[in-house]
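Asker: Dropping a structure here in structure tokens format, bear with me for questions.
The values are calculated or read from the model by the stated rules, or taken from the named source; none is laboratory data. This structure is a prediction, so every number in the text was calculated from the model and none was measured. Cβ placement follows ideal geometry from the backbone for every residue including glycine, while neighbour counts extend to all protein chains displayed.
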Amino acid sequence: MNIPNEIKSGVWQEGHVQGIAIDEAKGHVYFSFTTLLLKTDLAGNPIGSVKNLAGHLGCIVIDPERRRVCGSLELKHDVIGAGIIKRIGYDPSAEDNFYLVAFDIDKIDRMNMDAEADGIMTAVWLGDVAADYAADDPASGKPHRYGCSGIDGTALGPVFGAPADSPKKLMITYGVYSDVEREDNNYQVVLQYDPSVIDAYGCSLNQAKPHHNGPSAPEARYFVYTGNTSYGVQNIEYDAASRLWLTAVYVGKKPQFPNYSMYFIDGTAAPRIETLKGRGDEQGAVLTLADPAGVGGDTPGCRFPYGATGMYADGKGHFCFSKPGHNKEDKTFHSTVLKYKMDKANPDVFVLYED
């Protein structure tokens, strides 16, 4: 199915756009608007929506084989969580919890469906994330191990270094607090889960009494050395054509790093066991950054302006990025999805697609 060069989401009040996903088989687009999952057709006409999310629904990804949209959900009380609670006027639980959530997309057939009551969302508790969020880091003594602010990025693709036709795994990325005074927070953290974890542990979520039903640990934990960023990886997306994992962030503030807005993980390169920089003797599985822009250095990337609020790669050379918008007067938000192609001769790596 041909994806249009531009798709407009319409205007919504639930919060700024956090992620997008496209169901090419059915011609549907999904938008995460923080506390709302919106389903539209390819012209942007609304088909259905899921409300009653009391936390931060972040990056989303389509799993076309299992007919799911998967994403990250944070229920927490830091400055981000407090802002959501103030806006919706509802604080369901004093606990800080983090979930991989899955929506049964073929059941989303009307507006204002309820995430809890309508049986369309299941949630898997991610205990490792909750533990890292709650713990002080042994490397610096500061709150939040690895600088963990929770989770955001969610993507589906083969294991790093595995053949292109290998089974796809869910990769979930940490949010990381911005802090220029510590040196133990310069890695992005990626957790790997098999999609079957949703079938094994997923259950309905009562946000007032959040469950702890989830795996004892991820299949793997990876590290990506980029330098500290502002709230870590916002969106991640696997492109089957280039075998790159597009990794979009809010730029960091440490002057010793180039602080790009997008990094590219090389999907063909197996992880390397290394001593992690700034973390004492700790070792971890480190992923390799690709350099499509040819900028060089230890942390190559590019300054492409979009991606942090949603991206989709069709695996055939087309990339869709969310361009967010906000009307401060009426406190509404919207997104325009624009289609690009990769052009490695361009310093931003992507250029607008033209038919």
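Asker: Just give me the residues in region 14-61 being surrounded by fewer than 24 Cβ atoms within 10 Å (Cβ to Cβ) and small (Gly, Ala, Ser), in sequence order.
Answerer: Residues satisfying the conditions are Gly15, Ala25, Gly27, Ala43, Gly44, Gly48, Ser49, Ala54.
Asker: What do you reckon, is Phe103 within 14 Å of Leu57 (Cβ to Cβ), surrounded by 21 or more Cβ atoms within 10 Å (Cβ to Cβ) and either among the β-branched types (Val, Ile, Thr) or touching a residue at least 60 places away in the same chain (Cβ under 8 Å) (or both)?
Answerer: Values: within 14 Å of Leu57 (Cβ to Cβ): yes; surrounded by 21 or more Cβ atoms within 10 Å (Cβ to Cβ): yes; either among the β-branched types (Val, Ile, Thr) or touching a residue at least 60 places away in the same chain (Cβ under 8 Å) (or both): yes.
Against the criterion (within 14 Å of Leu57 (Cβ to Cβ), surrounded by 21 or more Cβ atoms within 10 Å (Cβ to Cβ) and either among the β-branched types (Val, Ile, Thr) or touching a residue at least 60 places away in the same chain (Cβ under 8 Å) (or both)), Phe103 qualifies.
Asker: Has region 260-270 got at least one residue that is of a type in the set (S, T, N, Q) and over 15 Å from the mean Cα position of the chain (by Cα)? Spell out the reasoning first.
Answerer: Quick first cut of region 260-270, residues of a type in the set (S, T, N, Q) only: 261, 268.
Among the residues that remain, those that are also over 15 Å from the mean Cα position of the chain (by Cα) are: 268.
There is at least one residue in region 260-270 that is of a type in the set (S, T, N, Q) and over 15 Å from the mean Cα position of the chain (by Cα).
Asker: Which residue out of Arg110, Arg87 is among the basic types (Lys, Arg) and modelled with pLDDT under 95?
Answerer: On the way: Arg110 fails: modelled with pLDDT under 95.
Result: Arg87 is the single residue among Arg110, Arg87 that is among the basic types (Lys, Arg) and modelled with pLDDT under 95.
Asker: Quick test for you: out of Phe333, Phe257, pick the one residue that is out of contact with any Pro (no Cβ under 9 Å at 6 or more places or on another chain) and either assigned to a strand (DSSP E or B) or aromatic (Phe, Trp, Tyr) (or both). First the steps, then the outcome.
Answerer: Numbers: Phe333 fails: out of contact with any Pro (no Cβ under 9 Å at 6 or more places or on another chain).
Every option except Phe257 fails the conditions.
Per-residue answers, yes or no, for (1) among the β-branched types (Val, Ile, Thr); (2) under 20 Å from Ala21 (Cβ atoms); (3) surrounded by fewer than 21 Cβ atoms within 10 Å (Cβ to Cβ); (4) within 19 Å of the chain's Cα centre (by Cα):
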site	(1), (2), (3), (4)
Tyr146	no, no, no, yes
Ser149	no, no, no, yes
Ala155	no, yes, no, yes
Pro158	no, yes, yes, yes
Pro163	no, no, yes, no
Lys168	no, yes, yes, yes
Ser178	no, no, yes, yes
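Asker: Tell me, which residue of region 228-274 that is closer than 17 Å to Val286 by Cα and of a type in the set (Phe, Trp, Tyr) is surrounded by the fewest Cβ atoms within 10 Å (Cβ to Cβ)?
Answerer: Among residues in region 228-274 that are closer than 17 Å to Val286 by Cα and of a type in the set (Phe, Trp, Tyr), the one surrounded by the fewest Cβ atoms within 10 Å (Cβ to Cβ) is Phe264.
Asker: Out of (1) more than 23 Å from Gly27 (Cα to Cα); (2) out of contact with any Cys (no Cβ under 7 Å at 6 or more places or on another chain); (3) outside any strand (DSSP E or B), what's the single condition that is false for Val351?
Answerer: Val351 satisfies all of (1) more than 23 Å from Gly27 (Cα to Cα); (2) out of contact with any Cys (no Cβ under 7 Å at 6 or more places or on another chain); (3) outside any strand (DSSP E or B) except (3).
Asker: Before we move on, is Val251 within 18 Å of the chain's Cα centre (by Cα), under 13 Å from Tyr174 (Cα atoms) and in contact (Cβ under 8 Å) with a residue 12 or more places away in the chain?
Answerer: In short, no.
Asker: Considering Gly307, Gly296, which residue is at positive phi and more than 21 Å from the chain's Cα centre (by Cα)? Before the answer, list the steps.
Answerer: Numbers: Gly307 fails: more than 21 Å from the chain's Cα centre (by Cα).
Only one candidate passes the filter, namely Gly296.
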